[in-house]
Amino acid sequence: MRLVCAYSDFGLEQEMARAESHPYSLRIQHAGYVVLSIVFLLVLLSQLMAQEPTTERDPVISAVAIQPGGDLMVTAGDDHVVRIWNLATGEQTHQLEGHTDWIRTVVFSQDGEFVYSAGNDGQVRKWDVAQADSMGVVFSTNHAIARLAISPNSTHLAAVGFSNEVALVDLRSPDHVTRFVATCNDLHAIGFSPDEQFLAAAGRDGFVTVWNIQSKEIVAQQKCHTRRVRDLCFIGDSTTLVSASEDRTLFVWNLGAESKSRTLMLGAMKAMAVEVCGTNLVAVAGTDNTIRLWNIAEEREIDRLHGHTGSVTSLDHHEDRLVSGSYDTSVRLWRLDPDQAPIRSAKLEE
């Protein structure tokens, strides 16, 4: 495989060649806020629903995460494997095995030293990044886990899935688990507020529920969507929530003022992921294979990122980098620069 990387639009020329055995390719894309998109086409062994591995197809990507303050990325999907990648070289550095079913979610600790993963086998596994080694199962349940969230100080991990319970695990003492009861049995979205005061969760029935973590009381609950909520995040301060749904909308609301809520229409996209990328900037992705950048304060879409050929399942952001994973079996790394003038010319080259 020969990989060519040309930065011609910015007065730079660079060529990169890799051996055929390297399981990725590197391509360039420009779109609005995007300066650079590095595409990792993951040619991996596939293992689906606890069956024997097969090379008949590449695994879909359902979880991605960027190491805070570092140069690593983790990906996971339906082959039951967590993979660690070097962002500078695009090379896979480690392969972590232990799950027995589809991995739906991965998160880094805030110091970047550990990764937590979970999925259909109901296990939350902890991995030492530097040693590329398992640190065991920190939490398990009898149902699939759809999403994890880690608190800003990395002391607590929240897990939701196919039950009405939100499990809050104290990572300093994993046997200590606090449980919150939500409004439906199919939860897909979970998130901590930046000040760690609130925990929000949502799922199939379109309700978003917010708890005060210390008092364990519900402080806000609202019917935000008409269909399943796939993801949510706090933006700006700790009182503004953005949720993304299969009803093709983003819902933005203030915990203390329901009158300030507003619905942003996504057109044909059924949203599957939303990620904060700045003070008023969020990225939302879903079933139309695109990633859309929205200015929440101005309530408008400011750019649309193309390249994926399947539904975009997952997003993560750190500093000026946004990573996306897709059912098309690829992972794309986008470099965002709010000061860069929009560029509309280049297409993804095959």
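The values are calculated or read from the model by the stated rules, or taken from the named source; none is laboratory data. Because the structure is a prediction, the values reported are computed rather than measured. Backbone-built Cβ (ideal geometry, glycine too); neighbour counts: all protein chains shown.
Here are the numbers:
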item	result
Residue within the stretch 39-58 that is at pLDDT 50 or above, in a loop (DSSP other than H, G, I, E, B) and closer than 16 Å to TRP127 by Cα present	no
Any pair with Cβ under 6 angstrom, 6 or more apart, that starts in the stretch 288-301 at a residue that is in contact (Cβ under 8 Å) with a residue 40 or more places away in the chain and ends at one that is small (Gly, Ala, Ser) and surrounded by 19 or more Cβ atoms within 10 Å (Cβ to Cβ)	ILE291/ALA283; ILE291/ALA285; ILE291/SER324; LEU293/ALA283
Residue list for the stretch 144-165, filter: part of a strand (DSSP E or B), β-branched (Val, Ile, Thr) and touching a Lys or Arg at 6+ places or on another chain (Cβ under 9 Å)	ILE145, VAL160
Evaluation of THR249 against (1) closer than 21 Å to ILE190 by Cβ; (2) within 13 Å of the chain's Cα centre (by Cα) (one fails), failing number	(2)
Identity of the residue in the stretch 270-310, small (Gly, Ala, Ser) and crowded, with 19+ Cβ neighbours inside 10 Å, that ends up farthest from the chain's Cα centre (by Cα)	GLY307
Residue list for the stretch 201-228, filter: over 18 Å from ARG262 (Cα atoms) and buried (at least 23 other Cβ atoms within 10 Å of the Cβ)	ALA201, GLY203, TRP211
Where ASP111 falls short, out of the listed (1) outside any strand (DSSP E or B); (2) surrounded by 16 or more Cβ atoms within 10 Å (Cβ to Cβ); (3) of a type outside the set (Ser, Thr, Tyr); (4) out of contact with any Asp or Glu (no Cβ under 9 Å at 6 or more places or on another chain)	(2)
Selection count where residues are touching an Asp or Glu at 6+ places or on another chain (Cβ under 8 Å) and either among the hydrophobic types (A, V, I, L, M, F, W, C) or closer than 15 Å to LEU171 by Cα (or both), scope the stretch 118-143	5
Count - residues of the stretch 60-103 that are in contact with a Pro (Cβ under 6 Å, 6 or more places away or on another chain) and either among the small types (Gly, Ala, Ser) or over 19 Å from TYR327 (Cβ atoms) (or both)	1
Criterion: in contact (Cβ under 8 Å) with a residue 12 or more places away in the chain and within 20 Å of THR313 (Cα to Cα) - qualifying residue of LEU187, LEU199	LEU187
Matching residues in the stretch 253-263 - criterion: being under 12 Å from HIS225 (Cβ atoms) and either in contact with a Cys (Cβ under 6 Å, 6 or more places away or on another chain) or in contact (Cβ under 8 Å) with a residue 24 or more places away in the chain (or both)	TRP253, SER261
Test for THR279: is it free of Cβ contacts under 8 Å to residues at least 24 places away in the same chain and polar (S, T, N, Q)	no
Unique residue being over 17 Å from the mean Cα position of the chain (by Cα) and among the small types (Gly, Ala, Ser) when the list is ALA158, ALA144	ALA144
VAL229 vs. criteria of a type in the set (Val, Ile, Thr) and more than 22 Å from ASN289 (Cβ to Cβ)	no
Residues (of a type in the set (D, E, K, R) and in contact (Cβ under 8 Å) with a residue 24 or more places away in the chain) located in the stretch 95-120	ASP101, ARG104, ASP111
Residue tally, condition in contact with a Gly (Cβ under 8 Å, 6 or more places away or on another chain) and within 26 Å of VAL219 (Cα to Cα), over the stretch 272-295	4
Answer residue from the stretch 244-276, given it is in a loop (DSSP other than H, G, I, E, B) and out of contact with any Asp or Glu (no Cβ under 9 Å at 6 or more places or on another chain) and is nearest to PRO194 (Cα to Cα) among those	LEU255
Long-range neighbours under 6 Å by Cβ, at least six apart or interchain, first residue of a type outside the set (Asp, Glu) within the stretch 125-143, second loosely packed, with under 14 Cβ neighbours inside 10 Å	LYS126/MET135; MET135/ASP128
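Here is a yes/no grid of residues against (1) in a strand (DSSP E or B); (2) among the polar types (S, T, N, Q); (3) at pLDDT 95 or above:
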site	(1), (2), (3)
VAL137	yes, no, yes
ASN142	no, yes, yes
ALA167	yes, no, yes
TRP211	yes, no, yes
LYS216	no, no, yes
LEU232	yes, no, yes
